[in-house]
């Protein structure tokens with residue numbers, strides 16, 4: 001799995017996970033990598049700030065002070081709230097339900113829930129489209 005910082009033609013910045021670098025290239029060539037803010041499929045890799053491992057094995061994100069962070073956080077929170085309000089929560093059955101929808105065993109519907117790392121890897125490997133919900137810490141102050 002690899003995480004890329006991406007940017008669309010409208011200069012919206014966002015992150016996405018891919019099975020591999022070649023998986024990103026293939027999906028971008030097919031036009032299925034789209035901006036979550038404006039839905040543009042003209043997306044490219046943005047400059048990425050590396051994470052630096054500390055002695056306690058935690059990672060420190062270096063991009064926390066990005067000038068668009070506050071606005072992007074608001075938009076990501078609004079996106080999460082919209083998805084939660086308009087989709088069915090399936091809990092830890094997310095991977096199972098996503099497969100059933102993909103395989104047309106059940107009627108297609110929008111769902112959200114939880115999945116293990118292995119389940120996520122399996123969905124990606126099998127070409128089942130999904131995207132993680134933005135999970136943002138609560139604002140303080």
Problem set entry | Considering residues of the range 15-46 that are touching a residue at least 60 places away in the same chain (Cβ under 8 Å) and assigned to a strand (DSSP E or B) only, the residue farthest from residue 135 (Cα to Cα) | 18
For this session: Return the total of residues in the range 82-100 being part of a helix (DSSP H, G or I) and closer than 25 Å to residue 37 by Cβ.
Result: 7
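Being loosely packed, with under 15 Cβ neighbours inside 10 Å, at pLDDT 90 or above and farther than 25 Å from residue 22 by Cα narrows it down to one of 71, 138, 107, so name that one.
Residue meeting the stated conditions: 107.
The values are calculated or read from the model by the stated rules, or taken from the named source; none is laboratory data. Quick caveat, the model's predicted, so the values are computed rather than measured. Note that each Cβ is placed from the backbone with ideal geometry, even for glycine, and that neighbours are counted across all protein chains shown.
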